[in-house]
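The values are calculated or read from the model by the stated rules, or taken from the named source; none is laboratory data. Since this is a predicted model, take the numbers as computed values, not measurements. Counting neighbours? That spans all protein chains shown, and the Cβs are built from the backbone with ideal geometry, glycine included. For accessibility, only protein heavy atoms count, side chains too; no ligands or nucleic acids. Shrake-Rupley method; radii C 1.70, N 1.55, O 1.52, S 1.80 Å.
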Amino acid sequence: MSLGVSITSTDNTDRVNALDWPRISQDLDTQGSAILERLIPSDECRAVVAMYPQDDLARHGFGRGEYKYFAYPLPQIVAELRTELYPRLAPIANKWNTRMGIEIQYPESHAEFIKRCHNAGQNKSTPLLLQYASGDYNCLHQDLYGEHVFPIQVAILLSEPVKDFIGGEFVLTEQRPRMQSRPEVVPLRQGDAVAFAVHHRPVQGTRGFYRVNLRHGVSRIRSGHRHTVGIIFHDAK
């Protein structure tokens with residue numbers, strides 16, 4: 001069973017517009033990830049956490065923890081953030097594809113991109129809510145789901161580190177050709193989000209740009225409970 005709960009927020013456009021997008025774009029280009037500071041206030045973080053039912057990550061081989069996908073219609077705060085973040089990220093995604101020699105380009109609006117997904121049979125919503133308890137973790141993985149993949153996604157930390165949980169760092173690994181994997185731990189506070197590469201990103205080399213492969217996960221929770229909402233911009237088959 002998926003979530004179809006409604007929660008309202010009127011400030012998402014202003015919050016997204018207020019972010020430091022030149023810095024976010026630069027960080028995505030140079031690191032493959034960028035922090036979106038204070039995207040959601042603490043009271044709304046707690047309201048989203050209150051929606052939580054459960055499913056089991058271990059049952060699917062993804063690690064240990066619980067998660068649930070939101071159903072359409074999405075909760076208003078999730079739908080609005082998905083709609084407002086997409087046009088800010090689409091130019092970065094298009095630039096990445098051009099640099100990697102990928103012909104696919106992404107339309108200006110999320111509605112247009114979702115129509116592309118649905119026309120290809122990718123009709124299932126992908127935003128989700130995750131809960132981790134002591135001892136839980138999320139294996140390194142990629143959220144692909146089908147032929148049409150938007151190359152950047154967003155995860156929002158709903159819990160407060162130290163107060164609500166210890167451990168549970170957001171981790172990225174990047175594999176460059178003929179090199180060891182590079183790990184990156186992204187420090188987040190309650191209400192912060194991280195935008196990061198889903199699968200590939202371009203890196204400048206001596207002979208132009210080349211493609212690197214990324215995976216993401218969550219390190220082991222040492223105590224408490226950690227909640228996250230994931231905003232994936234493509235839908236699933």
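Looking only at strands (runs of 3 or more DSSP E) that fall completely inside segment 166-237, which ones have 3 or more residues that are over 24 Å from E37 (Cα atoms) and open to solvent by 10 Å² or more (accessible area, probe 1.4 Å)? Explain how you work it out, then say what you get.
Details: elements: 170-175, 182-186, 193-197, 200-205, 208-218, 221-224, 226-231.
Correct list: 200-205, 208-218.
Answer yes if at least one residue in segment 103-114 is among the small types (G, A, S), at negative phi and open to solvent by 30 Å² or more (accessible area, probe 1.4 Å), and no otherwise. Step through it out loud before you land on a result.
Of segment 103-114, the ones among the small types (G, A, S) are 109, 111.
Right, trim to at negative phi and you get 109, 111.
Narrowing further to those that are open to solvent by 30 Å² or more (accessible area, probe 1.4 Å): 109, 111.
Checked segment 103-114: at least one residue is among the small types (G, A, S), at negative phi and open to solvent by 30 Å² or more (accessible area, probe 1.4 Å).
Anything in segment 96-116 that is more than 12 Å from F233 (Cβ to Cβ), outside any loop (DSSP other than H, G, I, E, B) and among the charged types (D, E, K, R)? List them, or say none.
Step one: list which residues in segment 96-116 are more than 12 Å from F233 (Cβ to Cβ), which gives 96-105, 108, 115.
Within this subset, residues satisfying the condition of being outside any loop (DSSP other than H, G, I, E, B) are 96-99, 115.
Of everything in segment 96-116, those that are more than 12 Å from F233 (Cβ to Cβ), outside any loop (DSSP other than H, G, I, E, B) and among the charged types (D, E, K, R) turn out to be R99, K115.
Report every pair of residues separated by at least 6 positions or lying on different chains whose Cβ atoms are under 7 Å apart, first residue within segment 188-209 and touching a residue at least 40 places away in the same chain (Cβ under 8 Å) and closer than 15 Å to G101 by Cα, second open to solvent by less than 10 Å² (accessible area, probe 1.4 Å) and outside any strand (DSSP E or B).
As it stands, the answer is R201/G32; R201/W96; P202/W96, since those pairs meet every condition given.
Quick one: E147 ticks every box in (1) part of a loop (DSSP other than H, G, I, E, B); (2) open to solvent by less than 50 Å² (accessible area, probe 1.4 Å) except a single one, so which number is it?
Of the numbered conditions (1) part of a loop (DSSP other than H, G, I, E, B); (2) open to solvent by less than 50 Å² (accessible area, probe 1.4 Å), the odd one out for E147 is (2).
Consider N123 against the criteria (1) at pLDDT 95 or above; (2) open to solvent by less than 70 Å² (accessible area, probe 1.4 Å): it satisfies all of them except one. Which criterion is unmet?
(2)
Give the residues of segment 97-130 that are in contact with a helix residue (DSSP H, G or I) (Cβ under 8 Å, 6 or more places away or on another chain) and touching a residue at least 12 places away in the same chain (Cβ under 8 Å), sorted by residue number.
Once the filter is applied, which keeps residues that are in contact with a helix residue (DSSP H, G or I) (Cβ under 8 Å, 6 or more places away or on another chain) and touching a residue at least 12 places away in the same chain (Cβ under 8 Å), segment 97-130 yields Y106, P107, E108, S109, H110, A111, F113, N123, P127, L129.
Could you please find all residues in segment 66-93 being assigned to a helix (DSSP H, G or I) and charged (D, E, K, R)? Before you say what the answer is, go through the steps one by one.
Restricting attention to segment 66-93, the residues satisfying the condition of being assigned to a helix (DSSP H, G or I) are 76-93.
Within segment 66-93, E80, R82, E84, R88 meet the criteria.
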